[in-house]
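Peer 1: Have a look at this one.
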Amino acid sequence: MMLFTAICLTFVVFFMTNLYPNLEKLAKNQGNFRMSDEAVNSWLSDRGYTDNTFVKFGRWLGVAQGWETVKEDGTVLRQCRDSDLPEEERVGYCGVLQGYWGYSLQFKDDVSGLVAARLGNTGKLMGIVMLVMVPMALIVGVLAGMREGSGLDRSLSTFSITTTATPEYVSGVLFIAIFSSSAVGLKWFKGSATTAMDDATFANFTLPVLTIALYGMGYIARMTRASMAEVMTAQYIRTARLKGVSFPNIVMKHALRNALIAPFTVIMLQFPWLLNGVVIVETLFNYKGFGWLLVQAAGNNDIDTLLAVSVVSVFVVLLTQLISDIGYVYLNPRIRIS
Amino acid sequence: MEPLTYTGGLGTVLDPIFQILIVGLALALLSQIVLSFVAPSGRAHINPDGTLAASVGPHGLSIRLSTYLFLGVVAISLVYLVVGALLGPEGAGIVGGVSRRLIPVWIALVALFAVSIMYKRRLGLYGKLFDSTVGMIGFGLVMFWVFVGLMGAADMIVTHDALSQLSGMKNKSPGTPVRGAEDGEYLWYLLGGDNLARDVFSRVVKGAFVVVQIAPFATLFAFMVGITLGLPAGYYGGALDTIISFIANLILAFPVILLFYLLVTPEITAVGVPKYMAIVLFFFPIIFFTVLLNSRYYTQPSVRTPLLIVVIGALFFAYLTLVSSDGAFVSTDDVYIPGLPAALDIFDMSPGILVVFVSVVFVNAPTVFRIVRGLALDIKTRDYVAAAQTRGEGPWYIMLWEILPNARGPLIVDFCLRIGYTTILLGTLGFFGLGLPPESPDWGTTINDGRKLLSIYPHAAIAPALSLLSLVLGLNLLADGLREESLKD
């Protein structure tokens with residue numbers, strides 16, 4: 001089912017990127033901007049772009065033969081331009097199934113290497129975001145939920161509502177303006193994270209991490225609060241109180257474990273949303289990661305890169321859904337046993 | 001002429017007091033949080049008459065202190081606005097200038113609140129909103145931006161044209177006087193000039209209209225689509241449910257930004273993809289209302305037939321004018337589908353707005369579908385549904401007149417939240433420069449323009465950023481208030 005979804009999605013992306021105006025733009029980007037219509041057409045048909053969409057999709061998947069054009073002057077253009085192979089063996093199937101993800105016309109590089117490198121950068125960013133966001137969100141949620149309606153609850157809830165109402169491009173802009181602009185003059189952090197790709201420091205990585213973490217945090221915190229508040233009204237908590245267990249002990253030993261089941265699902269389902277945040281933040285802070293690659297590829301209609309990017313992101317989404325289902329069953333004894 | 005300061009002459013009196021209150025409030029809140037862990041709760045002691053009373057204790061004191069300080073901050077902010085509106089920019093600086101420009105909005109807000117609170121017992125859920133502080137704050141913020149948007153569109157609030165560039169005003173800081181202003185022209189750029197020397201204040205006001213215009217309607221359309229598909233999916237289940245759910249999950253698995261890039265680029269628009277989507281998506285309200293009315297009145301043909309003719313006729317005409325432009329539904333290089341003749345076409349959506357509208361509806365509809373489907377699955381097991389089935393009511397009557405009204409609570413709350421989310425999506429589109437024309441004053445585009453010079457001239461991006469933040473915050477608070485009040489029923 002997952003595979004079927006992924007194939008459907010990539011086909012949609014494939015179809016949209018292969019619409020004629022997109023191809024025309026691609027040809028003009030690659031050739032020159034004053035190409036005549038015939039020149040555009042021949043450029044496209046030489047590279048197999050004008051064939052049937054299904055055939056092209058099959059080629060990309062690796063279930064149809066790659067294109068090959070012999071021009072009048074004898075030069076041969078082939079889909080499989082792997083320079084390690086001798087000329088004769090280059091014909092044949094070269095798609096995703098064969099491990100060939102295509103060639104990025106925008107970056108002049110193999111897509112697989114490109115995506116892997118960018119994913120590494122984003123992985124670093126996401127890892128730190130998770131390290132900051134999840135503990136903070138859980139602490140805020142548990143503190144707010146343990147005494148529902150108290151002053152602490154109200155101030156923390158206001159805080160988490162405010163963070164959910166602040167999209168990344170707003171909080172990022174505000175952070176840069178406050179902490180790194182010369183107009184305010186604090187200049188504690190850097191407004192760009194370009195240098196953080198090789199060497200992440202406190203100064204250049206704090207703002208992007210904080211920007212993504214804040215938006216995701218509010219939602220998780222509110223879910224944790226709701227689940228904590230519900231647990232605190234349960235019978236066994238009242239029993240513990242009546243037995244004379246101290247309040248910190250009740251929270252830590254009796255309530256916490258049960259209150260953390262629901263937020264786990266939310267945290268896993270938060271991943272796809274984080275992906276959005278990553279795209280915005282990487283564009284805003286000029287951090288060349290996966291999201292930045294998505295924007296570049298989509299803006300320039302770099303078909304192979306865009307397909308690889310969407311395959312990766314779709315798998316991230318579907319995988320997190322799977323993990324959240326499995327984890328929920330594992331964490332919740334009521335479901336596990338029955 | 002001197003540039004304006006933020007609070008002008010009024011500020012020399014109020015600013016120090018305001019700052020002291022703010023610092024005090026922050027300290028009080030902090031101590032409140034710390035004390036809630038450290039300090040013991042107040043000891044109970046017995047009064048002579050036998051009743052129990054708890055002493056306040058240090059924690060209680062900090063709560064009281066922060067409440068008073070908070071009220072003080074609110075009161076001074078009100079003084080800033082009210083006295084500022086009276087004194088205007090000469091007396092009360094930028095705050096005064098902005099407040100005076102917004103006088104019509106203040107009047108409308110005060111009138112709305114006065115009337116609503118007076119009649120709140122007769123107004124149902126809307127009236128109950130005025131029992132919750134959070135809900136009132138949220139509603140106030142939302143209505144503030146609605147009034148700003150509508151009045152801004154009527155050219156009441158703006159000080160300058162949102163698109164015209166005045167020489168010498170490029171990147172000027174807030175409160176800079178306009179160079180060589182003529183009679184009748186406004187004398188200052190209240191919130192400064194942007195990188196093309198346009199007035200930031202007027203652009204923010206005009207941008208509010210873009211949001212007020214698109215966000216509620218796009219959300220409404222998304223709800224129509226979601227409800228029309230979600231009810232049968234939840235009620236019937238089976239293959240229908242599987243197919244629609246699969247498609248909804250398919251759309252939801254896309255990263256939103258990738259979807260926007262695929263749908264909104266000029267090349268895709270040239271093929272007419274948004275037009276086709278508009279033709280499909282805009283048809284859902286017609287189906288919705290037709291089925292809604294038909295299922296209710298089909299037993300009384302004498303009422304039903306004229307009612308349906310009027311409603312379908314009106315909706316269909318609205319549909320045609322919305323979808324067709326220049327006498328054609330779709331008019332690209334390859335395809336030409338003739339539509340309503342241009343003479344009858346009273347309302348044209350500008351292509352930029354249509355594209356944005358359609359893509360936002362498209363992104364929102366699957367989530368609404370999932371919510372409605374879940375609610376329908378839950379509600380169809382209730383006794384009153386079984387009673388209606390026993391009475392022999394048709395499936396669509398049960399879905400639309402039994403299930404839907406009983407699902408309205410969560411749906412109304414989600415509607416408010418979703419308008420906020422739609423606002424965020426609109427901002428995202430603007431931020432990536434998709435859809436709307438580059439000179440459009442909407443907030444996302446303005447933030448995108450301003451971010452290039454963020455570290456030197458942040459004011460051009462901060463004003464729309466804060467506006468968007470406050471509107472979405474208002475919608476979230478409103479949703480919270482509604483949820484609270486609807487749970488009390």
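The values are calculated or read from the model by the stated rules, or taken from the named source; none is laboratory data. Just so it is clear, the structure is predicted and the values come from calculations on it, not from any experiment. When we count neighbours, we look across all protein chains shown, and the Cβ atoms used for this are built from the backbone with ideal geometry, even at glycine. Side chains included, ligands, DNA and RNA excluded: accessible areas come from the protein's heavy atoms. Shrake-Rupley method; radii C 1.70, N 1.55, O 1.52, S 1.80 Å.
Peer 1: Is segment A:184-191 home to any residue that is more than 14 Å from chain B (Cβ to nearest Cβ) and surrounded by fewer than 17 Cβ atoms within 10 Å (Cβ to Cβ)?
Peer 2: No, every residue in segment A:184-191 fails to be more than 14 Å from chain B (Cβ to nearest Cβ) and surrounded by fewer than 17 Cβ atoms within 10 Å (Cβ to Cβ).
Peer 1: Give the residues of segment B:339-370 that are closer than 19 Å to B:L436 by Cα, modelled with pLDDT of 90 or more and open to solvent by 30 Å² or more (accessible area, probe 1.4 Å), sorted by residue number.
Peer 2: B:F362 - this is the single residue of segment B:339-370 that is closer than 19 Å to B:L436 by Cα, modelled with pLDDT of 90 or more and open to solvent by 30 Å² or more (accessible area, probe 1.4 Å).
Peer 1: Among (1) open to solvent by 10 Å² or more (accessible area, probe 1.4 Å); (2) at pLDDT 85 or above; (3) farther than 19 Å from B:P395 by Cβ, which single condition is B:E267 missing?
Peer 2: (2)
Peer 1: Among the listed residues B:L487, B:L466, identify the single one that is at the interface with chain A (Cβ under 9 Å from one of its Cβ atoms) and either assigned to a helix (DSSP H, G or I) or at positive phi (or both).
Peer 2: Every option except B:L466 fails the conditions.
Peer 1: Listed residues B:S99, B:S62, B:S116; which is crowded, with 17+ Cβ neighbours inside 10 Å, in a helix (DSSP H, G or I), out of contact with any Phe, Trp or Tyr (no Cβ under 9 Å at 6 or more places or on another chain) and of a type in the set (G, A, S)?
Peer 2: B:S62
Peer 1: Mind listing whichever residues of segment B:253-290 are within 24 Å of the chain's Cα centre (by Cα), part of a helix (DSSP H, G or I) and within 7 Å of chain A (Cβ to nearest Cβ)?
Peer 2: Selection gives B:V256, B:I257, B:L258, B:Y261.
Peer 1: So, A:E24, is that one of a type in the set (D, E), assigned to a helix (DSSP H, G or I) and open to solvent by 60 Å² or more (accessible area, probe 1.4 Å) or not?
Peer 2: No: the conditions fail for A:E24.
Peer 1: Quick one: count up the residues across segment B:122-136 that are surrounded by fewer than 18 Cβ atoms within 10 Å (Cβ to Cβ) and in a helix (DSSP H, G or I).
Peer 2: Total satisfying the criteria: 7.
Peer 1: So, one more: Name the one entry in B:F139, B:F221 that is of a type outside the set (A, V, I, L, M) and open to solvent by 30 Å² or more (accessible area, probe 1.4 Å).
Peer 2: Matching residue, one of B:F139, B:F221: B:F221.
Peer 1: Residue check: is A:K288 more than 12 Å from chain B (Cβ to nearest Cβ) and under 31 Å from the mean Cα position of the chain (by Cα)?
Peer 2: yes
Peer 1: Okay, moving on. Can you tell which of B:L229, B:L250 is modelled with pLDDT of 85 or more, open to solvent by 10 Å² or more (accessible area, probe 1.4 Å) and away from chain A (no Cβ under 14 Å)?
Peer 2: B:L229 is the lone residue from the list that is modelled with pLDDT of 85 or more, open to solvent by 10 Å² or more (accessible area, probe 1.4 Å) and away from chain A (no Cβ under 14 Å).
Peer 1: Could you list all residues from segment A:140-162 that are among the polar types (S, T, N, Q), facing chain B (nearest Cβ under 8 Å) and over 25 Å from A:R238 (Cβ atoms)?
Peer 2: Residues satisfying the conditions are A:S155, A:T162.
Peer 1: Quick check: anything in segment B:447-458 within 12 Å of another protein chain (Cβ to nearest Cβ), acidic (D, E) and either open to solvent by less than 50 Å² (accessible area, probe 1.4 Å) or over 22 Å from the mean Cα position of the chain (by Cα) (or both)?
Peer 2: Taking every residue of segment B:447-458 in turn, at least one turns out to be within 12 Å of another protein chain (Cβ to nearest Cβ), acidic (D, E) and either open to solvent by less than 50 Å² (accessible area, probe 1.4 Å) or over 22 Å from the mean Cα position of the chain (by Cα) (or both).
Peer 1: Here's something else I'd like to know. Among the residues that make up segment B:474-481, is at least one of them open to solvent by 20 Å² or more (accessible area, probe 1.4 Å), within 19 Å of the chain's Cα centre (by Cα) and closer than 23 Å to A:V295 by Cβ?
Peer 2: No; the residues of segment B:474-481 include none that is open to solvent by 20 Å² or more (accessible area, probe 1.4 Å), within 19 Å of the chain's Cα centre (by Cα) and closer than 23 Å to A:V295 by Cβ.
Peer 1: Can you tell me which residue in segment B:371-392 is most open to solvent (accessible area, probe 1.4 Å), limited to those that are touching a residue at least 24 places away in the same chain (Cβ under 8 Å) and among the aliphatic types (A, V, I, L, M)?
Peer 2: B:L377
Peer 1: If we scan segment A:187-204, do we find a residue that is out of contact with any Lys or Arg (no Cβ under 8 Å at 6 or more places or on another chain) and on the phi > 0 side of the Ramachandran plot?
Peer 2: yes
Peer 1: Filter segment A:1-10 for residues that are part of a helix (DSSP H, G or I), open to solvent by 20 Å² or more (accessible area, probe 1.4 Å) and more than 8 Å from every other protein chain (Cβ to nearest Cβ); which is modelled with the lowest pLDDT?
Peer 2: Only one residue fits best here, namely A:M2.
Peer 1: I'd like the residue in segment B:187-218 that is more than 20 Å from B:D155 (Cα to Cα) and in a helix (DSSP H, G or I) and, out of all such residues, is most open to solvent (accessible area, probe 1.4 Å).
Peer 2: Per the criteria, the residue is B:F217.
Peer 1: Could you count how many residues in segment A:11-58 are away from every other protein chain (no Cβ under 11 Å) and of a type in the set (V, I, T)?
Peer 2: Qualifying residue count, segment A:11-58: 4.
Residue-by-condition table, conditions (1) surrounded by 16 or more Cβ atoms within 10 Å (Cβ to Cβ); (2) over 25 Å from A:T166 (Cα atoms):
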position: A:H254; (1), (2): yes, yes
position: A:L275; (1), (2): yes, no
position: A:V278; (1), (2): yes, no
position: A:D325; (1), (2): no, yes
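Peer 1: For residues that are more than 10 Å from every other protein chain (Cβ to nearest Cβ) and open to solvent by 40 Å² or more (accessible area, probe 1.4 Å), tally how many sit in segment A:305-322.
Peer 2: Counting residues in segment A:305-322 that are more than 10 Å from every other protein chain (Cβ to nearest Cβ) and open to solvent by 40 Å² or more (accessible area, probe 1.4 Å) gives 2.
Peer 1: Let me ask something else about it. Can you list the helices (runs of 4 or more DSSP H) lying wholly within segment A:130-249 that have 1 or more residues being within 31 Å of the chain's Cα centre (by Cα) and among the acidic types (D, E)?
Peer 2: A:168-179
Peer 1: Inspect all residues belonging to segment B:418-439 and state whether any of them is crowded, with 18+ Cβ neighbours inside 10 Å, more than 13 Å from chain A (Cβ to nearest Cβ) and not in a helix (DSSP H, G or I).
Peer 2: yes
Peer 1: Could you tell me which numbered condition B:Q389 fails, if it satisfies all but one of (1) within 12 Å of chain A (Cβ to nearest Cβ); (2) in a helix (DSSP H, G or I); (3) over 27 Å from the mean Cα position of the chain (by Cα)?
Peer 2: It fails just one condition, (1).
Peer 1: Please name all residue pairs, on different chains or six or more residues apart, with Cβ atoms under 7 Å, provided the first residue is in segment B:263-277 and is free of Cβ contacts under 8 Å to residues at least 60 places away in the same chain and the second residue is assigned to a helix (DSSP H, G or I).
Peer 2: B:E267/A:P21; B:E267/A:N22; B:E267/A:K25; B:I268/A:M16; B:I268/B:L262; B:V273/B:L263
Peer 1: Turning to a different aspect of this structure: Quick check: is even one residue across segment B:291-300 under 28 Å from the mean Cα position of the chain (by Cα) and either away from chain A (no Cβ under 14 Å) or under 30 Å from A:F271 (Cα atoms) (or both)?
Peer 2: Scanning segment B:291-300 turns up at least one residue that is under 28 Å from the mean Cα position of the chain (by Cα) and either away from chain A (no Cβ under 14 Å) or under 30 Å from A:F271 (Cα atoms) (or both).
Peer 1: Quick one: which residue in B:W396, B:W401 is in a helix (DSSP H, G or I), in contact with a Lys or Arg (Cβ under 7 Å, 6 or more places away or on another chain) and either open to solvent by less than 10 Å² (accessible area, probe 1.4 Å) or closer than 19 Å to B:S295 by Cβ (or both)?
Peer 2: Of B:W396, B:W401, the one residue that is in a helix (DSSP H, G or I), in contact with a Lys or Arg (Cβ under 7 Å, 6 or more places away or on another chain) and either open to solvent by less than 10 Å² (accessible area, probe 1.4 Å) or closer than 19 Å to B:S295 by Cβ (or both) is B:W401.
Peer 1: Does B:L240 count as open to solvent by 10 Å² or more (accessible area, probe 1.4 Å) and touching a Ser or Thr at 6+ places or on another chain (Cβ under 7 Å)?
Peer 2: no
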